[in-house]
Amino acid sequence: MHPDVEILRAAIRVPTVADRDPALTDPEPFARLHELLAEHFPLLHAQLERVDLGDAAPRALLWRWAGASADRPVVLMAHQDVVPVTPDDPWTHDAFAADVVETPDGPAVWGRGTLDDKGQLVAICTAVERLLADGFEPAQDVWLSFGADEEVSGPSAPAAVAELARRGVEPWFVLDEGGAVAGQAFPGVSAPGAVIGSTEKGTTTLSLTVTGRGGHSSTPPTRAPAARLGRALWRLDRHQFGVNVPGPTVDLLRRLAGHLPLPLRALLAGATRTPPAVLGRALVAAGPETAAMARTTMVATTLVGAPAHNVIPARARAEVNLRIMPGESVAAAVEHVRAAVDDDEVVVDVVEANEPSPLSPTTEPEAQGAFALLERTVSAVFPEAVVTPYVMMAGTDSRTFTAICPRVYRFAPLRMSKEQRASIHSYDEHVHVAAWLEGVDWYVALLKGL
Ligand SMILES: [Zn+2]
């Protein structure tokens, strides 16, 4: 196997699972990962400045690679932690064995974290090490920020942002996980879509609680808490958020239009000239995936009632998960939910609040154009890919960086099929060896192009 791939495999074998409670996170796999990186990337460790984030984020990794200039520093991100493996998930190969598996598309490294997100982390380190070996100096300062708790919204990214702010570092752009070189990304488009997240929705969770008279289920009162909660959830379902098609989505449709087969091409080209509200309603009507591109979404997730089947719960509680569209706010979403529920007995609380991220520019003039640089680099390494911005539905650590940088992009230069994208946070996650090596080449090209 290619020697660079061996370090990826070694990194996958360490189960760096973070827990929401830092006290429950096993530090050993993280220490082991750090040792592996030190072993395999000696030049990176010798020549870059390691910045300790102290007790705030003891396992986070932050490095500064001094460039010829510090005027337009760049931050490359990835995260060390992975989501746990559920015993019921039918992995065809052990999730932490990093087997090399022959597939119809060539050999692949199998395991948790190959795509999310150690594949990206090790690719960045490999590119840096390769350039250092050539005596390369980047044109700009390059920061590497690898959090240890992205999957549990932990303190790594906020601590890195605080440290950069303390040093007065104002990044030109930040690049984190998110989009990919996605095969079968759009129905009818054969070219892969190099989708670069230019903003992300705000992941927010609210709880709805009804308290009332519990007791024995043989003598039920009218409108017991569970029924009242049920009515509230039904009302929410009936009062979805209004359509709001943000700029990146219109841009995505516009860029795709030219790649669609003819009848569809005409339709989509026309669609981008239609008023946003009409376009939004069409996207909502086309199915859940396109609907999520066109409005804030909400759905009930957890439900808690009585612990026994013959007990009326005195308290019925549901959590509702929202993905708030850029341009809207948590406060307005809470208002919408309260108004839709329209019942003072239903208490709406905020469990977790994340505002949507600001839009990062995608059409700036060449000189400031970080998006243009990403686009050029994609075209150099993946010439057949259609580059397009998009709105990410999921959250990444990079949202924290929007506080110190107006250009935050979310993209991993890895080819992923639809099936591979579905394996993230699920089972049978794997990256093709050739695709991963292309990813390394992409980072090399990006760093050379700064
Ligand atoms: Zn991730």
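Taking the chain as a Gaussian network of alpha-carbon nodes connected by springs under 10 Å, the highest mean-square fluctuation of the residues PRO90, PRO248, PRO15 belongs to PRO90. Each Cα pair under 8 Å and six or more residues apart adds its sequence gap; the mean of these over the residue count of the range 155-286 is a relative contact order of 16 percent. Applying the criteria of a DSSP loop state and at most 14 other Cβ atoms within 10 Å to the chymotrypsin sites (Phe, Trp or Tyr not before Pro) of the range 115-171 yields PHE136.
Straight Cα distances below 18 angstrom link LYS201 to none of the lysines, with same-chain residues fewer than 8 positions distant left out.
Based on the Kirkwood radius over alpha-carbon pairs, what value in µm²/s does the Stokes-Einstein equation return for the translational diffusion coefficient of the range 398-450 at 20 °C and 1.002 mPa s?
Estimated via Stokes-Einstein, D reaches 163 µm²/s.
Phi angles across the range 84-98 convert, under the Karplus curve 6.51 cos²θ - 1.76 cosθ + 1.60 with θ = phi - 60°, into 3J(HN,Hα) values of x, 9, 7, x, 6, 5, x, 4, 6, 9, 3, 5, 10, 9, 6 Hz, Gly and Pro given as x. The rule of thumb for compact globular proteins, 2.2 N^0.38 Å, goes into the C-alpha radius of gyration of the chain 1.05 times.
State the three equivalent ellipsoid semi-axes of the range 58-168, derived from the C-alpha gyration tensor as the square roots of 5 times its eigenvalues, in descending order and whole Å.
Rounded to whole Å, the semi-axes are 31, 20, 8.
Can you work out the base-10 log of I(q)/I(0) for the range 180-324 at q = 0.10, 0.13, 0.21 1/Å, using the Debye formula on its C-alpha atoms alone? Computed log10 I(q)/I(0) values: -0.52, -0.70, -1.25. The convex hull built on the alpha-carbon positions of the range 325-450 has an orientation-averaged projected area of 10.9 nm². Heavy-atom surface analysis with a 1.4 Å probe gives the range 281-378 a carbon and sulfur content of 55 percent of its accessible area.
Considering Cα pairs under 8 angstrom that are at least six residues apart, work out the relative contact order of the chain and quote it in whole percent. So the answer I get is 24 percent. In the range 139-235, the convex hull through the Cα atoms has an average projected area of 13.5 nm², a quarter of its surface area. Once you reduce the range 95-170 and the range 1-78 to the center of their Cα atoms, the two points are 7 Å from each other.
Heavy-atom surface analysis with a 1.4 Å probe gives the range 156-270 a carbon and sulfur content of 58 percent of its accessible area. Per 10 Å bin, what is the whole-percent P(r) computed from every C-alpha pair distance within the range 312-372? Percent of Cα pairs in each bin: 17, 34, 21, 14, 9, 4, 1. Residues of the chain were split at every exposed loop site, defined as GluC sites (Glu not before Pro) in a DSSP loop with at most 10 other C-beta atoms within 10 angstrom, and the longest piece left, sites excluded, is 1-365. The overall shape of the range 81-132, judged from the alpha-carbon gyration tensor, is oblate: a/c is not under 1.5, and a/b is no greater than b/c.
Rounded to the nearest 500, what is the 222 nm mean residue ellipticity of the chain from helices alone, with -39500 (n - 2.57) per DSSP H run of 4+ residues and division by all residues?
-10500 deg cm²/dmol
Comparing ASP342, ASP149, ASP397 in a Gaussian network model of the chain (Cα springs below 10 Å), the most mobile by mean-square fluctuation is ASP342.
Projected over all directions and averaged, the alpha-carbon convex hull of the range 2-134 occupies 10.1 nm². Considering only PRO84, PRO326, PRO389, the mean-square fluctuation computed in a Gaussian network model of the chain, springs between alpha carbons under 10 angstrom, is largest for PRO84. Using equal-weight Cα scatterers in the Debye expression, the normalised intensity of the range 205-266 in log10 at q = 0.14 Å⁻¹ is -0.64.
Contact order for the range 87-214, expressed relative to its length and based on alpha carbon pairs under 8 Å spaced 6+ residues apart, stands at 10 percent.
The values are calculated or read from the model by the stated rules, or taken from the named source; none is laboratory data. This one's a predicted model, so the numbers in the text were calculated from it and none came from an experiment. Ideal geometry is used to build each Cβ from the backbone, glycine not excepted, and the neighbour counts take in all protein chains shown. Note: accessible area is taken over every heavy atom of the protein model, side chains too, but ligands, DNA and RNA are not part of it. Shrake-Rupley method; radii C 1.70, N 1.55, O 1.52, S 1.80 Å.
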